[in-house]
Every structure is written in structure tokens, then in C-alpha cells.
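The values are calculated or read from the model by the stated rules, or taken from the named source; none is laboratory data. Not measured: the values here are computed from a predicted model. Please note: Cβ atoms are built from the backbone with ideal geometry, for glycine as well, and neighbour counts cover all protein chains shown.
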Amino acid sequence: MQRFVDGAIADFSPVSVSFSANGHGARGVNAYKFDLHFYSLIDDEQATFVVSDNKIELLIRKLEPAWWPRLVATPQKPHWLKVDFDRWRTEDDMEQEKDEAPRDVRQDYEKEYNDLQRQELGYVKEKTKKVYLMFYNLAMFVGYLYVVSVMGVLYYRDGYNSITKAYSHVGNAFKFVQLLQYLEVMHPLFGYTKGSPLVPFFQVSGRNFILFLMIEWEPRMHAKPVVFYVFLIWSLVELIRYVICPSSPRSHRTNILFYLCSYPFYLSQLLGREVGLLTWLRYTIWIPLYPMGIVCEGIIVLRNIPYIEETKRFTVEMPNKLNITFDMVLFLKLYLLLLILPGTYLVMSHMSKLRAKKLGRGRGKRRQLHAD
């Protein structure tokens, strides 16, 4: 989990932290950074840091309240790492240090192991899960970039007339990438990503409800200008997640996958890159785009109500074999009510909390943190 506060970036993982910032030291203004690989797992979801005028404090908690014989994974601690004895805690039974379980040196000495692979193989072997996620994110980036590019070129060529033709030109491509997003529901189930599968399921299903039932099934909606706008807003939201970073790749990385996939935001997270601007955009651009997207979705549902009243599409009336009834018009009215009132509040409040967690709460809301 990457945190970004006042130009400083801390990238927390369950086993490490990577910190970088620009500051004024003994040699003037310089870029400072360090990496720590911890002895055991930490709670990277709750880890955070605060920047004050004269110091930077990181609050990192252990995932399990167990005794650690040392802070870092390797027996040799960095020469610059000092002990704050005012906050030092001791273990009553020091015999636990003698019973330390065997450790994987490939993880404790990850940098040295990767350097050895580069020397012997010419590249670093990546885990299958990581390679899959890189290609998945690259495919999604290309898909949404295609949609935005086609819509932009057509608008530049034909002007306002292209707005009514957006669905005929990019509708199939948009349906493909939206269906592909259901893979993000599967990722948490298989342990590829963290979090609950319910959140991406409801997000993807909500969009697909609008795309397939409200637009695809009603030909009269295809030429509506609101379809162009909702495609544009959805695509921009997703492109920010996969947007290309202008920074150049690190010179010491020789893996070809790095050159292919190192720029987009999620790929930068997979590869441990520190891109503060992308992080800020990822958790800020939703402020104008989400309300506009909700308004466009509401307009699409509202415009479909008279069409469904006319065609009785998706409506189940009595009598029938199942002896049930379903009024699609009533369902859309309830959906519209829930989308505008509690739906907007829940989405915006969730994103606001997530933004505060990722980017920090500002100087006025900083808390004095203590080492754990």
C-alpha cells in the first residue's frame, strides 16, 4: 500500500517498506530513500506516516503480536539504523531467539538474489501471478485507451455529429473490456489481490446493468448523447488507474516485462515503483468524475423508463407458470432512487476515506504517532 504525504512516498508491503522523499540535509537538497525488509509480517493496510517540520514518523504495526528477535530480516542491520532505547521493549524469555525457525535467504536477501539472477540469467524471474496481473492490467489499459482514442479522433473529425455515433463505433470494444473486468472479482477469491470480491462485483455489475440492459437492449438509446458522455467518463476513470507515467524506467532493470508494463499505475504498484503523481491522480480524479458518471447513469435509466413501459421488456405479468410478477418500471424507479441518494453518499464517502488513508489528512489533522 503506497502512501503519499507532502511529496514523501512510503510504499508498504506485508514484509517491507520503501521510503523516498526530497529534503534539505547536511549536503543541501537531496533525494533520500531507504528500504527495510522486516523480520516478519506487518499490517501494511494500517501502516502510515506523518511529515512534520523536523522529522518523519512511520507507524508500523506487527500483523501478529509476537516477539521479534530483531527488526529486519537479515542478521546484519543497516549501519544507519539506530535503536531508540526510550521505546525499547524486551522479551522475558530470551530463549526464543535460539529457537528461531529456518528462514528463506532468497527473501531475506532479495536484492542480492535478484542481482545474482541478472548476472546469471540476464533477467529476474517473476512469479506467475505477478506476470498475469501485469498483462491483465496492460490489456485493460490498451482497451480503454482504444475507446478514448477512437472517440477522440471521431470527435476531432466530425465534431458534434460523432457523439451520436459513439456506440456504433466503440460499443463492442467497450462491452468486451467491461466483461473482462469481472476477472477483478475473481482475483481476491484466488488470492491474487487483497480485499473483498463484493466491492468489485457490485461496481462492475452496476456498470454492466447500464451498458447491457439499458443501452444494448434498447436500440433507441444507441444514438443518445448521454451514451457518449458515460463512455468517456467511465474510460477516463479507468485510464487514470492504468495511465502511462512519464518517468523513465530504472536503468538496472533488464526484464523485458518491465519495459512493456512498468508505466501504468497498477503495474507500478506490482513492480514497486514510486510514482507520487499517479497516486495523487488515482485518488483525486474521482472527485469530479464520479458525480458526473452517476448523473449520466441516472439519465440513462430515466430515459429507459418510457421505452420499457412501451415494450414491457423484462416485465413479468400474470398469469404464468411460476405464478410470479415483476414490474421492471417500478424496479428502475427504485434503482434510480437508491442510485441518487444512498448510492452517491456511500460511494463518495468510501472514496473520501480511501483518499485520506492513501494521501494523508494534511497538517491540520495530523496525529502524533508513536513507534509500536
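Does Leu154 count as assigned by TED's automatic domain parsing to the domain that holds Pro225, over 22 Å from Met221 (Cβ atoms) and surrounded by 14 or more Cβ atoms within 10 Å (Cβ to Cβ)? Talk me through it step by step, then tell me what you get.
Numbers: assigned by TED's automatic domain parsing to the domain that holds Pro225: yes; over 22 Å from Met221 (Cβ atoms): no; surrounded by 14 or more Cβ atoms within 10 Å (Cβ to Cβ): yes.
The answer is no for Leu154.
For region 131-140, does any single residue satisfy the condition of being surrounded by 15 or more Cβ atoms within 10 Å (Cβ to Cβ) and modelled with pLDDT of 90 or more?
yes
Quick test for you: out of Leu59, Leu71, Leu63, pick the one residue that is over 25 Å from Leu354 (Cα atoms), aliphatic (A, V, I, L, M) and touching a residue at least 12 places away in the same chain (Cβ under 8 Å).
Values: Leu59 fails: over 25 Å from Leu354 (Cα atoms); Leu63 fails: over 25 Å from Leu354 (Cα atoms).
Exactly one of Leu59, Leu71, Leu63 is over 25 Å from Leu354 (Cα atoms), aliphatic (A, V, I, L, M) and touching a residue at least 12 places away in the same chain (Cβ under 8 Å), namely Leu71.
Looking only at region 280-296, which residues are within 13 Å of Leu239 (Cβ to Cβ) and modelled with pLDDT of 90 or more?
Of everything in region 280-296, nothing turns out to be within 13 Å of Leu239 (Cβ to Cβ) and modelled with pLDDT of 90 or more.
What is the one condition in (1) modelled with pLDDT under 80; (2) in contact with a His (Cβ under 7 Å, 6 or more places away or on another chain) that Tyr167 does not satisfy?
Status for Tyr167: all satisfied but (1).
I want to confirm something. Restricting to region 44-58 and keeping residues that are assigned to a strand (DSSP E or B) and within 11 Å of Asp6 (Cβ to Cβ), which single residue is farthest from the chain's Cα centre (by Cα)?
Pass one, region 44-58, residues assigned to a strand (DSSP E or B): 48-51, 56-58.
When the remaining residues are screened for being within 11 Å of Asp6 (Cβ to Cβ), the result is 49-51, 56.
Working: Phe49: 20, Val50: 22, Val51: 24, Ile56: 25 Å.
For region 44-58, the residue satisfying everything is Ile56.
I need every pair where a residue in region 298-327 that is within 21 Å of Leu341 (Cβ to Cβ) has its Cβ under 7 Å from the Cβ of a residue that is of a type in the set (S, T, N, Q), sequence separation at least 6 or different chains.
What qualifies is Asp327/Thr315.
So how many residues does region 176-218 have that are among the polar types (S, T, N, Q), touching a residue at least 40 places away in the same chain (Cβ under 8 Å) and farther than 16 Å from Val147 by Cβ?
1
Any idea which residue in region 67-90 is modelled with the highest pLDDT, counting only those that are surrounded by 11 or more Cβ atoms within 10 Å (Cβ to Cβ), of a type in the set (A, V, I, L, M, F, W, C) and part of a loop (DSSP other than H, G, I, E, B)?
The selected residue is Leu71.
Would you be able to say whether some residue in region 152-162 is among the β-branched types (Val, Ile, Thr), modelled with pLDDT of 95 or more and within 30 Å of the chain's Cα centre (by Cα)? Steps first, answer last, please.
As a first pass, look at region 152-162 and keep what is among the β-branched types (Val, Ile, Thr): 153.
Those left that are additionally modelled with pLDDT of 95 or more: 153.
Checking which are within 30 Å of the chain's Cα centre (by Cα) leaves us with 153.
The answer is yes, given that some residue of region 152-162 is among the β-branched types (Val, Ile, Thr), modelled with pLDDT of 95 or more and within 30 Å of the chain's Cα centre (by Cα).
Identify, from the list Asp11, Asp35, the residue that is modelled with pLDDT under 85, in a strand (DSSP E or B) and surrounded by 14 or more Cβ atoms within 10 Å (Cβ to Cβ). Reasoning before the result, please.
Numbers: Asp35 fails: modelled with pLDDT under 85.
After ruling out the rest, the residue left standing is Asp11.
Filter region 14-32 down to the residues that are of a type outside the set (Lys, Arg) and outside any strand (DSSP E or B), then identify the one that is nearest to the chain's Cα centre (by Cα). Before the answer, list the steps.
Going residue by residue through region 14-32, those that are of a type outside the set (Lys, Arg) are 14-26, 28-32.
If we keep only those that are outside any strand (DSSP E or B) as well, we get 14-15, 26.
Details: Pro14: 17, Val15: 19, Ala26: 37 Å.
Result: Pro14.
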